[in-house]
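Enquirer: Quick one: the structure is below, and I'll ask about it shortly.
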Amino acid sequence: MQTRSQDFEPAPKTVSGLIRRIREFTLIGRDPVLFMSLLLSGIFIVVFVVFPLYKSIVGGFISKEGAFDLTYFVRYLDNYYGPGLRKAFGDTMLMGLLTAASGTLVGFIFAYAVVRCNIPGKKIVHWLALVPTVSPPFALALAMILLFGRNGLITNKVLGITFVHGMNDIYGLDGLVIVQTITFFSVSYLMLKAMLERLNPAMEEAAASLGAGRFYLFRTITLPLLVPGIAGSFLLLFVESLADLGNPLFIAGNKTVLSSQIFLAVIGEYNYQKASALSLILIIPTLVIFLVQRYYVNRRVYISVTGKPAGNQIMEKEPAIRWTINIITYLIIAFILLLYVTIIYGSFSTAWGVDFTPTLKHWTMTVTRGVEAILDTTFLSLLATPVAAILGMIIAWLVVRKKFTGKDALDFTSNLGGAVPGTILGIGFVMAFNKPPLALAIAVYAILALFFAQVVGKLRSERVIILIVGTAIGVLLSLVQPRAMYFYLGGIYLVIAAVTLFARKKRGFALVAAVIGLYVMSTNWANAIAKPIANFSRSLERGFWSNAIFQFSDHIKVILQPTDALLAIMLVFAGVILLQSMSGKGLRIGLGILGLAVPCALTFTGMPFAMVGGAYIIMAAFIVRSLPASVRSGVAALQQIDPSIEEASNILGADAQYTFRKVTLPLILPALFAGLIFSFTRHMTSLSAIIFLVSAKWRIVTASILSEWEQGGVSIAAAYSTVIILFVMIAILVLNLLMNRLFKGRGSVDMSQGF
């Protein structure tokens, strides 16, 4: 069993220990790259993970009037509401257990067929097994209803079965478990396939040479070595099943589960206290499972399954076993293909279950009225994907390569976005950012201001002056009329540019400062560019091109005009880069005051962090949900790189920045690209985390599918689902080809690291 001793750093119990921690943070402050990495990742996690989860949990105890209230928790114990609530909780747990067991079993069968049984066409089998990961969360539920529902093609048209509620329909726990098994078994397949490939065959070969049979080998050697992977797969599928929202909404029938109850409490009742109370009930088992998986199962890794195998894989030679597993795999593949063919065929049917005549009207409606949702989803996913991948790599680098107080906390909280159900995060986002969280804004500014003063000021007196005076000037500027304020703020950066150019002869820094100044002064220039484009779209006939061009005008605003709070954070880091090497005490203090006043004014202007209904809150939700996969991918890549390579670079005189840029980064680029693929897939198919964040201005395809389904537009929903699947598969193909071209075969997609 392998353990990582660096993960268990004892807390300081003495004064000397406290002094060491203070010195540690002082040393961190002297390394701007490390300091900025910690600050950037820490701020994002606190603002968009910890704070929303806190609001979601606390909200269950607070009534609309703001008083402490236990009403929705007491209901679990009374005689009126209690039986229904306890049944919903029991159904949820049973669903999770059945899905985890069946999904792990199917995943193992696929992994064993591909690795040990040498199944014919295993590359095709491998890629078809991954198809459920690139489809919307309820696409398979939709296909099951089209085939086995009340007007199902098989049940109604082929078999002629008359619908009887609760007896011969697909709705209910059995149908839900089948759909979730097909949806999530890919996760188990990838994990177990990776473990089977890394098994050292020496032990099995030795036992076989002593006369042990195949079943005895499997029972006594192979299976025990796979226990950590099987347990990890089971727990992960259990959490994924509990977090799923789309499938229960479509196919659960009279089986109420907590995720759908949370959704209905918000959408149907507008009762956030009830939703938060239900969220707390749901988050407890998911966090328990997450902790068990993280601190127990993942550490039970045997030496025999680490690294690369010492010999060739032992193939299954027993024909009965080999062909039984292969046939079962082919049957499941055929069933998966049937489901996706049904989705495609359903998108072209005139009226499913009534008239199967092919028609293009549903696709016409999809690319006209649905083009906004398609373009918005793709656009926001493309923006969020590199941020999630890069932030994940930064956190992975900090966790694997650096030692500092709070490293375990950073690693733990960065993975919470994937551990808790998306509905809980979505509720937390609404409750956290629907109104300006002034306390959060003040805390974020205080941390950034301390960081800015620490880096720019060389002496304690300089830092105090920069903090006090810069903050005071920034607060005064925030009270000025906005148009004039932006002009003053931009002028400040033009002053910084002039001083940097004429006093310090730093042309590059001066140019950057001037560009920033002009950008801030021209705060409405995005509107000036976008407005003519929007007006042009209105002059066109209502249809695909008019809708697409109008959405393009909104996309321009997102790119060119970030929120004031985001711009403030960006300018803090820009100011640090521009001013950290400034010499001359008076000049350093003066420019430091001006450099801090700008982000301070932006932080407290208008409604800081009130982002609900905008594009940035949706992107934040995307990033939070895909960040754990990016972190795990980066950690796996860095752990395979010998630290001595980086140490050799440092010994030869290279600084940390150069070593990371020239040595570490090229080695982890394949993992970075794999993180990009996984993140984009997760963003395009996300529903639960963003269902409460969509608005009339910003639409998401998965939410549009749900809306069309609720209105009876089955074929339109199928067309939307087909579009998403095609988009994601094309993106994966392109990125995979690019990785193979760049890394000459070393960069093929290994999505197992994302789980």
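Each reported figure results from applying straightforward, stated rules to the coordinates on display, with no laboratory input. The structure presented is a predicted model; accordingly, all values stated were derived computationally and were not measured. Positions of Cβ are backbone-derived with ideal geometry, glycine not excepted, and every protein chain shown enters the neighbour counts.
Enquirer: Could you calculate the FRET efficiency of Phe536 with Leu223 from 1/(1 + (r/R0)^6), where r is the beta carbon distance between them and R0 is 56 Å, rounded to 0.05?
Expert: Using R0 = 56 Å, I get an efficiency of 0.30.
Enquirer: A follow-up question, please. Using unit Cβ charges (K, R positive; D, E negative) and no other charged atoms, how large, in debye to the nearest 20, is the dipole of the stretch 530-673 about its Cα centre?
Expert: Magnitude of the dipole: close to 400 debye.
Enquirer: A follow-up question, please. Suppose R0 equals 25 Å; then what is the FRET efficiency for Gln580 and Ile62 from their Cβ-Cβ distance, rounded to the nearest 0.05?
Expert: 0.05
Enquirer: Can you compute the modelled spin-label distance between Ile154 and Ala446, with each label point 7 Å from Cα toward Cβ, in nm?
Expert: If labels sit at Ile154 and Ala446, their model points lie 6.1 nm apart.
Enquirer: Sticking with the crude label model, points 7 Å out along Cα→Cβ, report the distance from Ile161 to Ser707 in nm, one decimal please.
Expert: The two pseudo-label positions are separated by 3.4 nm.
Enquirer: Peptides 136-145, 361-370, 425-434: what's the order by average Cβ count within 10 Å, highest mean first?
Expert: Result, highest mean Cβ count within 10 Å first: 136-145, 425-434, 361-370.
Enquirer: Just to confirm the number: angle between the C-alpha axis of helix 585-603 and the first principal axis of the chain, 0 to 90 degrees, nearest 10?
Expert: 40 degrees
Enquirer: Sorted by mean Cβ packing within 10 Å, highest first, what order do the peptides 87-95, 697-705 take?
Expert: 697-705, 87-95
Enquirer: Then there is this: Expected output is a single nm value to one decimal: the length gained when fully extending between Thr350 and Ala503, i.e. 0.36 nm times separation in residues minus the C-alpha distance. What is it?
Expert: Length gained between Thr350 and Ala503: 47.7 nm.
Enquirer: Give me the one-decimal nm value for the distance between modelled label points at Phe487 and Asp174, 7 Å along each residue's Cα-to-Cβ direction.
Expert: Going by the 7 Å Cα→Cβ label model, 7.4 nm.
Enquirer: Answer rounded, prolate or oblate for the stretch 414-488, using the Cα gyration tensor with square roots of eigenvalues a ≥ b ≥ c: rounded when a/c is under 1.5, else prolate when a/b is larger than b/c, else oblate.
Expert: In terms of gyration-tensor shape, oblate.
Enquirer: Going by amide H atoms built from the backbone, whose H comes under 5 Å of the H on Ile161, apart from near neighbours?
Expert: Asn156
Enquirer: Here is a further query. How tilted is helix 615-639 with respect to the longest principal axis of the chain? Cα atoms for both, answer in degrees (0 to 90, nearest 10).
Expert: The angle comes out at about 80 degrees.
Enquirer: First check a/c for the stretch 394-549, with a ≥ b ≥ c the square roots of the eigenvalues of its C-alpha gyration tensor; if it is under 1.5, answer rounded, and if not, answer prolate when a/b is larger than b/c or oblate otherwise.
Expert: The shape class here is oblate.
Enquirer: Averaging sequence separations of C-alpha pairs under 8 Å and six or more residues apart, then dividing by the length of the chain, give the relative contact order as a whole percent.
Expert: It rounds to 20 percent for the chain.
Enquirer: Further question: Using a Förster distance of 25 Å, how high is the FRET efficiency between Lys123 and Leu738, based on the Cβ-Cβ distance and rounded to 0.05?
Expert: About 0.85, to the nearest 0.05.
Enquirer: So what's the angle, to the nearest 10 degrees on a 0 to 90 scale, between helix 665-684 and the longest Cα principal axis of the chain?
Expert: Rounded to the nearest ten degrees, it is 60.
Enquirer: For a bin width of 5 Å, list the pair-distance distribution of the stretch 537-620 built from all Cα-Cα distances, rounded to whole %.
Expert: The distribution over the stretch 537-620 is 3, 13, 16, 15, 13, 11, 9, 8, 5, 3, 2, 1, 0, given as percents.
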